[in-house]
Amino acid sequence: MTSRQNTSDPFPKRLKKARLAAGYTQFALGVAAGIDEYSASPRINQYERGVHSPDKNMAGRLADVLGVPLSYLLEPDENLAEFILLAGRLGSEDLLRLTIYLKEALE
């Protein structure tokens, strides 16, 4: 766990947004991600406030529990983050079609 994140770090805001969208309390998210129940709520609160940041393993577990790509939580560009979130909801065939479409559109 790292202390004092850069204020432009998107992780705290996106973590909270994803948690609320998924209907988790801070406690429930922490426990589901494998944090001890006595520190689950304070740890998630610290992550969401940017006081501490999770290591890569914990960030991945939080993303998995919330059903969002880890890259969504980390991407600094708001539009690209939204695209990542939407693309992450596609099935593999639809994602392939979208990739082909984008490649062709950009040629």
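Data for the structure
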{"quantity": "Segment 2-106, relative contact order in percent, only Cα pairs under 8 angstrom and at least six apart counted", "calculated": "28 percent"}
{"quantity": "Kirkwood hydrodynamic radius (C-alpha pairs) into Stokes-Einstein, segment 2-106, 25 °C and 0.890 mPa s, D in µm²/s", "calculated": "169 µm²/s"}
{"quantity": "Segment 2-106 - charge dipole about Cα centre, Lys and Arg +1 at Cβ, Asp and Glu -1, debye rounded to 20", "calculated": "260 debye"}
{"quantity": "Efficiency of FRET from Cβ geometry, Glu82 and Tyr38, R₀ 30 Å, rounded to 0.05", "calculated": "0.25"}
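Laboratory data are not the source of any read-out in this text; all were calculated from the coordinates shown. The shown structure was predicted, so the numbers you read here are calculated from the model rather than taken from an experiment. Quick reminder, even Gly has a Cβ in these numbers, built from the backbone with ideal geometry, and neighbours come from all protein chains shown.
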